[in-house]
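J.: Take a look at this one; I'll ask things after.
Rule-based calculations on the coordinates, nothing more; no lab input. The structure presented is a predicted model; accordingly, all values stated were derived computationally and were not measured. When we count neighbours, we look across all protein chains shown, and the Cβ atoms used for this are built from the backbone with ideal geometry, even at glycine.
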Amino acid sequence: MTERQSTLKKMKHPQRASGSKKAVFLDGSALMAQSSFLSMLDLEQKRTERSRRAFGLMLLKSPTLLSAPAKSRTLEKVLQAVARSSRDTDLKGWYQEGSAIGIIFTEIPAKEEKTVANNLMAKITEALASALTPTQLDQIDVSFHIFPEDWDEQTPDNSNKTTPHVELFRDMTRKKASRLAKRIIDIVGSLCLLLLFSPLLVIIALAVKFTSEGPILFRQKRHGLYGGTFTFLKFRSMYSKNDPAIHEAYVASLIAGAAENKSGTQTVAFKLVNDPRITRIGGFLRRTSLDELPQFFNVLLGDMSLVGPRPPIPYEVKKYDVWHKRRLLTVKPGITGLWQVRGRSRTTFDEMVRLDLQYARSWSLWMDIAILAETPRAVLSGDGAY
């Protein structure tokens, strides 16, 4: 029995499927509890990442109409409209308890995604219009999202809107207490390390300033948690005004699996050996990872963590396969992580992503402490660092 079949079987016994949160049955229709529905949504996303066969998510949002005490009668009307405009096999449940209903439409034919979306939107709108008053209809926001096409879009930094995959992963992230403990460790740890390395920070800053023209710090836009962007800080290790095209081309080749492991310029993940853009002092900083010390300021600002996945560059994310993007939706990017201590730049891209996902699945504070303890050895060995 597949995981999807197992979950569908539990829908027939909601009290066993979701503990104290029971599915709602009105007019013979089952509405899955939020936890069960989000689990199915996550499962459909993983299936699509493997099969590339798209699915759709329709959301019906109305905090006023679907919340108690008004929801009993109105919800029945909404469910009747949903039942008339969807298949029995489509999954229906609480996307957000008491405020948003979700319907998952699976197995959407390739190259017909937009047509299917428009047809389903028209059907549900017509059904709702026949069941609700004009005033009630105006209070329901209906939207349709296709995975993976629509869910690739990044939300602007100044926008309060989020795409469904972002909201899903926010709902399924760690408990608040665990996140708080991790954040406390980040703040205390980065402050202590900045104080400890403060003399070295000054020496490196002077060395960078007086050995080549340009700013002391290198600033670059990187993607963080949920795909948002932030300004990533490092000591500058390259000549100013260099052309990033050489690295962009290499990253595209690496992600596609075409980068070869041989002497010359294409050898290791995300970094080029004998890169002509690197200064003499920059080569030393990279081999020793001292160029990364300013990232402790990113940790203090909350954009990064001490431990987590490597923050990707925007042109790198554009080359991601569907399943690669999951690494952006798990935990904050970090200064060090499983990739850095287990393989560093010798690891292939797909292996790095799998290590990131493994870290997210099995994360604990003890794991963070173990990775932090292993990091000095990995840095001092210099194995895979360029």
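J.: Taking loop as defined by DSSP and a crowding limit of 16 other beta carbons within 10 Å, which trypsin sites (Lys or Arg not before Pro) in the range 32-124 fit? Let's see the in-between values first.
T.: Values: sites: Lys46, Arg47, Arg50, Arg52, Arg53, Lys61, Lys71, Arg73, Lys77, Arg84, Arg87, Lys92, Lys111, Lys114, Lys123; in loops: Arg52, Arg53, Arg87, Lys111.
Hits after loop and neighbour filter: Arg52, Arg53, Arg87, Lys111.
J.: Explain nothing, just compute: Karplus ³J(HN,Hα) = 6.51 cos²θ - 1.76 cosθ + 1.60, θ = phi - 60°, for every residue of the range 39-52 in order, whole Hz, x for Gly and Pro.
T.: Values, residue by residue: 5, 5, 5, 5, 5, 5, 5, 5, 4, 5, 4, 8, 8, 6 Hz.
J.: Multiply the residue separation of Leu193 and Lys209 by 0.36 nm, subtract the distance between their alpha-carbon atoms, and state the gained length in nm to one decimal. Walk me through the intermediate numbers first.
T.: Details: separation 16, 0.36 × 16 = 5.76 nm, distance 2.26 nm.
Going from the current span to full extension adds 3.5 nm.
J.: Treat every Asp and Glu Cβ in the range 176-381 as -1 and every Lys and Arg Cβ as +1, leave all other atoms uncharged, and give the resulting dipole magnitude about the Cα centre to the nearest 20 debye.
T.: Result for the range 176-381 is approximately 220 debye, rounded to the nearest 20.
J.: State which entries of Lys46/Lys77; Lys123/Lys319; Lys114/Lys325 exceed 24 angstrom in Cα-Cα distance in the structure shown.
T.: On the way: Lys46/Lys77 32 Å; Lys123/Lys319 36 Å; Lys114/Lys325 22 Å.
From Lys46/Lys77; Lys123/Lys319; Lys114/Lys325, over 24 Å: Lys46/Lys77; Lys123/Lys319.
J.: Next question. Too long at a 20 Å Cα-Cα cut-off: which of Lys221/Lys318; Lys182/Lys234; Lys234/Lys318; Lys241/Lys332; Lys182/Lys221? Please report the intermediate quantities before stating the final value.
T.: Numbers: Lys221/Lys318 14 Å; Lys182/Lys234 23 Å; Lys234/Lys318 23 Å; Lys241/Lys332 30 Å; Lys182/Lys221 24 Å.
Beyond 20 Å: Lys182/Lys234; Lys234/Lys318; Lys241/Lys332; Lys182/Lys221.
J.: Turning to a different aspect of this structure: At a Förster distance of 51 Å, what's the computed FRET efficiency of Leu380 paired with Lys114, Cβ-Cβ distance as r, to 0.05? Could you put the intermediate results ahead of the total?
T.: Details: r = 54 Å, r/R0 = 1.06.
My answer for the efficiency is 0.40.
J.: Quick one: which residues, 5 or more positions from Ser305 or on another chain, have an amide H under 5 Å from its amide H? H modelled 1.01 Å from N in the peptide plane, none for Pro or chain starts.
T.: Gly334, Ile335
J.: Count the net charge of all other residues whose Cβ sits under 11 Å from the Cβ of Ser305, scoring Lys and Arg as +1 and Asp and Glu as -1. All intermediate terms of the calculation are to be shown ahead of the outcome.
T.: On the way: positive: Arg179, Lys182, Arg183, Lys332; negative: Asp186, Asp303, Asp368.
Spelling it out: positives minus negatives among the neighbours equals +1.
J.: Could you list Ile103, Ile203 in order of exposure, starting from the residue whose Cβ has the fewest other Cβ atoms within 10 Å? Intermediate values should be presented prior to the final figure.
T.: Working: Ile103 22, Ile203 12.
Listed from fewest to most nearby Cβ atoms, that is Ile203, Ile103.
J.: May I ask you to evaluate 6.51 cos²θ - 1.76 cosθ + 1.60, the Karplus curve with θ = phi - 60°, for each residue of the range 204-217 and list the ³J(HN,Hα) values in order in whole Hz, giving x for glycine and proline?
T.: With the stated coefficients, the range 204-217 comes to 5, 4, 5, 5, 5, 5, 9, 10, 6, 6, x, x, 6, 9 Hz.
J.: A follow-up question, please. When a/c is below 1.5 the answer is rounded, else prolate if a/b is larger than b/c, else oblate, so apply that to the range 176-381 with a ≥ b ≥ c taken from the square roots of the Cα gyration tensor eigenvalues. Write out the running numbers ahead of the final one.
T.: On the way: a/c = 1.62, a/b = 1.09, b/c = 1.49.
Taking the square roots of the gyration eigenvalues as a ≥ b ≥ c, the range 176-381 is oblate.
J.: Once phi is turned into ³J(HN,Hα) by the Karplus curve 6.51 cos²θ - 1.76 cosθ + 1.60 with θ = phi - 60°, what whole-Hz value does each residue of the range 106-119 show in order, with x for glycine and proline?
T.: Residue by residue, the range 106-119 yields 8, 6, 6, x, 4, 6, 10, 4, 5, 5, 4, 4, 5, 5 Hz.
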